[in-house]
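S.K.: Below: one structure in C-alpha cells.
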Amino acid sequence: MKALTQYGRQAEKHWREHCPKMVSALEAQGQLHAMLLEAEEKTKDEMIELTQQFRKQGMTAQQAHDRAWEMVRENYILLPAET
C-alpha cells in the first residue's frame, strides 16, 4: 500500500474530524486509502500547474505556492464539514 504524503495525511485528519460519515462509508467499502491517494494526487497536480502559472506572472516560488494552495486546498483536502 502506497504511503500518504503530507496532503493525504492532512486530508485524512480533516476528513475524520469534519466528515466522519463519509470516512465511515469509505472505510466500510475499503476505499478510504484509495480516496486519500486520489485527493493528494489531484491536489499535487493542480498545485504544480497553478504554481507554474503564477511563477510566469512574476511571483516568487513561495508566493506562487501559497496562492496555489489557497485555491486548491478546499477542492480535495479541506472538504466542507458534514451537517
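We did not get these values from a lab; they are worked out from the coordinates using the rules stated. These numbers were taken from a predicted model, which means no experiment stands behind them. With ideal geometry, Cβ positions are generated from the backbone for all residues, glycine too; neighbour counts draw on all protein chains shown.
S.K.: If you check Lys21, Lys42, Lys13, Lys2, which single one turns out to be of a type in the set (D, E, K, R) and not in a helix (DSSP H, G or I)?
M.R.: Selected residue: Lys2, the only one of Lys21, Lys42, Lys13, Lys2 that is of a type in the set (D, E, K, R) and not in a helix (DSSP H, G or I).
S.K.: Can you tell me which residue in region 17-26 is nearest to the chain's Cα centre (by Cα), limited to those that are surrounded by 14 or more Cβ atoms within 10 Å (Cβ to Cβ) and free of Cβ contacts under 8 Å to residues at least 40 places away in the same chain? It would help to see each step written out before you state the result.
M.R.: Of the residues in region 17-26, the ones surrounded by 14 or more Cβ atoms within 10 Å (Cβ to Cβ) are 18-19, 22-23, 26.
Among the residues that remain, those that are also free of Cβ contacts under 8 Å to residues at least 40 places away in the same chain are: 23, 26.
Numbers: Val23: 15, Leu26: 16 Å.
Result: Val23.
S.K.: Can I ask one more? Looking at region 50-83, which of its residues are in contact (Cβ under 8 Å) with a residue 60 or more places away in the chain, of a type in the set (A, V, I, L, M, F, W, C) and surrounded by 12 or more Cβ atoms within 10 Å (Cβ to Cβ)? Give the derivation first.
M.R.: Step one: list which residues in region 50-83 are in contact (Cβ under 8 Å) with a residue 60 or more places away in the chain, which gives 76-82.
With of a type in the set (A, V, I, L, M, F, W, C) added as a condition, the list becomes 77-79, 81.
Scanning region 50-83 gives Ile77, Leu78, Leu79.
S.K.: I would also like to ask the following. Output the residue which, of all residues in region 31-66 that are within 24 Å of Leu79 (Cβ to Cβ) and of a type in the set (S, T, N, Q), is nearest to the chain's Cα centre (by Cα).
M.R.: If we take residues in region 31-66 being within 24 Å of Leu79 (Cβ to Cβ) and of a type in the set (S, T, N, Q), then Thr43 is nearest to the chain's Cα centre (by Cα).
S.K.: Could you list all residues from region 62-83 that are over 11 Å from Met47 (Cα atoms), touching a helix residue (DSSP H, G or I) at 6+ places or on another chain (Cβ under 6 Å) and in a helix (DSSP H, G or I)?
M.R.: Kept after step one, since they are over 11 Å from Met47 (Cα atoms), are these residues of region 62-83: 62-63, 74-83.
In the following step, the residues that additionally are touching a helix residue (DSSP H, G or I) at 6+ places or on another chain (Cβ under 6 Å) were identified as 76-78, 81-82.
Tyr76 - this is the single residue of region 62-83 that is over 11 Å from Met47 (Cα atoms), touching a helix residue (DSSP H, G or I) at 6+ places or on another chain (Cβ under 6 Å) and in a helix (DSSP H, G or I).
S.K.: Search region 27-49 for residues being surrounded by 18 or more Cβ atoms within 10 Å (Cβ to Cβ) and not hydrophobic (A, V, I, L, M, F, W, C), and hand back the single one that is farthest from Lys2 (Cα to Cα).
M.R.: By that ranking, first place goes to Thr43.
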